[in-house]
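S.K.: If you scroll down you'll find the structure; I have some questions about it.
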Amino acid sequence: MARKRPQAPVTWADIDRILADPRSKEFKDLRDRVAHMHLTKVFASHLREFSTGALRVVSSRREGSDVPVRVAGPLRVADEVVEALALDSHPMVLKVREQQAERWRIRVSLGPNERRPFTKVFMFRDGERITVQIDGSILDHWVLPAGARTTGSPSPVRARSRAALVESPRP
């Protein structure tokens, strides 16, 4: 089995090429991934090699004295990239900022060893949980019974159908 050749490292020249064409798929993909990092201050999980490399180029670690207490992670996106990608008008960024104004806080993932998808930002407030999706829509989390795990719980449809099976008499 032949080994896959390593991809050349991503450089600022690659980023500049992408930023030069705002109508391209690469631009939209980069914008979505950088928007997630801009909000959560961490890398999303399960990204392809180029995307991870691009995020490494456009981000840097923030100094400890510069980091507010409520911020999720230690990374920051370069100001010129935030401006070039127009992140302040990205639907997910707009909705998360709106939710933060209502005292919602960002949660990096749903738990240890859980994925951090770039398409979602998890938020919480007073025991409530929501997910802001990449298009700016909001998903409400289902309330789990005490002691239940966040993964593997039945979906609402499955829960209803199980209840219907239990309640209905068998012929």
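Nothing in this text is a laboratory measurement; each read-out follows from the coordinates by a stated rule. The structure presented is a predicted model; accordingly, all values stated were derived computationally and were not measured. Virtual Cβ from ideal backbone geometry, glycine too; neighbours counted across all protein chains shown.
S.K.: If I model a spin label at SER24 and ARG61 as a point 7 Å from the Cα along the Cα→Cβ vector, what separation in nanometres do I get?
M.R.: The two pseudo-label positions are separated by 3.1 nm.
S.K.: With each label point set 7 Å from Cα along the Cα-Cβ vector, what nm distance links THR11 and THR119?
M.R.: 3.4
S.K.: Moving on to the next point. At q = 0.14, 0.21, 0.28, 0.29 Å⁻¹, what is the log10 ratio I(q)/I(0) for region 70-130, with the Debye formula run over Cα points and no solvent?
M.R.: Taken in order of the listed q values, log10 I(q)/I(0) reads -0.46, -1.00, -1.35, -1.36.
S.K.: Continuing with the same structure: So, in nm, how far is label ASP88 from label VAL108 when the simple model puts each one 7 Å beyond its Cα toward the Cβ?
M.R.: 2.8
S.K.: Within 14 Å, Cβ to Cβ, of GLY127, how many net charges do the neighbouring residues add up to if Lys/Arg are +1 and Asp/Glu are -1?
M.R.: Surrounding charge for GLY127 is +2.
S.K.: For ARG129, enumerate residues with amide H under 5 Å from its amide H, sequence gap 5+ or separate chain, H modeled in the peptide plane.
M.R.: Distant-sequence amide H within range of ARG129: HIS141.
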